[in-house]
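The values are calculated or read from the model by the stated rules, or taken from the named source; none is laboratory data. Fair warning: this is a prediction, and the values are worked out from it, not measured in the lab. A quick note on method: Cβ atoms are made from the backbone with ideal geometry, for glycine too, and the neighbour counts reach across all protein chains shown. For accessibility, only protein heavy atoms count, side chains too; no ligands or nucleic acids. Shrake-Rupley method; radii C 1.70, N 1.55, O 1.52, S 1.80 Å.
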Amino acid sequence: MTHRSNCTASLRVLLLVILSVASPTHVSAAQDQYFDSDGVEIRYTIQGGGPPVILLHGFTGNYETYWARVTETLRPHFQVIGVDARGHGKSGKPDDPDAYGVQMVKDVANLMDHLGIEKAHVAGYSMGGYVALKMASIYPDRLLSAVSGGQGMVNNEDLGRFVPRYHAGLQRWIDEQVPFGPWGELDNDPKALQHALNSFQLMTISPGDASALHVPVLAIHGSLDDRSGSTNRLKAAQPNVEVIVIDGEDHLSTFNAEAFSSALLNWFRSLQEG
């Protein structure tokens, strides 16, 4: 192994240790459940009771890596449904580029049908934010609200900035067996992740889509997140979007901040009480 590979592995292990210490781990004790979404097995968990909140994770992660702390905050008040996106975690990983994109949005609607849920709050972070906003655009009657964390109205410039970098990391995983991202080992497959990554553009919403949103939408990001410009564009296109900025947090720390969990709890409560 080269010196660079040693350094990469060491940094990756250090980040995993930091994140595992910072996040509650007993959330993973929730029973895994599965359903068939158009031929792909999707893993989900259910905790708590009350109005349903569906949580959608970011790229290369799974439900627990992004939503452990939030689940602890929400489950005394809401029914928390955590999902592993297709191509990620314990869900199925079809080797078909056409099996991703808007199909990842449909998976959420299919899960709601499977559980007999007419409407739910849907909260996503990063990649999950794409799904939540797209769902608000194409399935507005199924949502009580949508939350997009760390992501807003993404454009081609945004995608051009980080998608090639992600592809390079995934290709290195394939060629050199060096997992990509802080959660590369979590039952993921690099080729499935490549398919999901290639479909990001299909999950974004346009300014016209944003201006037509009539579902309550919260956009939330860290003050140090270099993707905050997409949130500003979303707010410009749809002034009714509520924006919350978590001070001192970046893209990989915001979702684990206490202020983030508290903001989501307050948002969902205010809508239920309103």
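List the GluC sites (Glu not before Pro) within the range 33-118 that fall in a DSSP loop (any state other than H, G, I, E or B) and whose Cβ has at most 13 other Cβ atoms within 10 Å.
Taking the range 33-118 and a limit of 13 other Cβ atoms within 10 Å, the loop GluC sites (Glu not before Pro) found are 118.
Hey, which aspartates and glutamates would be in cross-link range of residue 106, C-alpha to C-alpha under 19 Å, not counting anything within fewer than 8 residues on its own chain?
List returned: 36, 38, 41, 84, 95, 96, 98, 118, 141, 209.
In the neighborhood of residue 230, defined by Cβ-to-Cβ distances under 12 Å, what is the net charge if each Lys or Arg adds +1 and each Asp or Glu adds -1?
Once all neighbours under 12 Å are counted, the net charge is 0.
Among (1) 0.94; (2) 1.03; (3) 0.98, which is the computed Cα Rg over 2.2 N^0.38 Å?
The calculated read-out lines up with (1).
What does the charge count near residue 56 come to, summing +1 for each Lys or Arg and -1 for each Asp or Glu among other residues with Cβ under 11 Å from its Cβ?
Local charge sum for residue 56: -1.
Sequence gap at least 6, Cα distance under 8 Å: using those rules, report the relative contact order of the chain to the nearest whole percent.
Result for the chain is 19 percent.
Please identify which residues in the range 195-217 have an amide N closer than 19 Å to a label point set 7 Å out from the Cα of residue 96, following the Cα→Cβ vector.
195-200, 202-203
Take the residue pairs 90/119; 93/235; 119/191; 93/119 and return only those whose Cα atoms are more than 29 Å apart.
Result: 93/235; 119/191 exceed 29 Å.
Could you compute how much accessible surface residue 162 exposes when probed at 1.4 Å, giving the result in Å² to the nearest 10?
10 Å²
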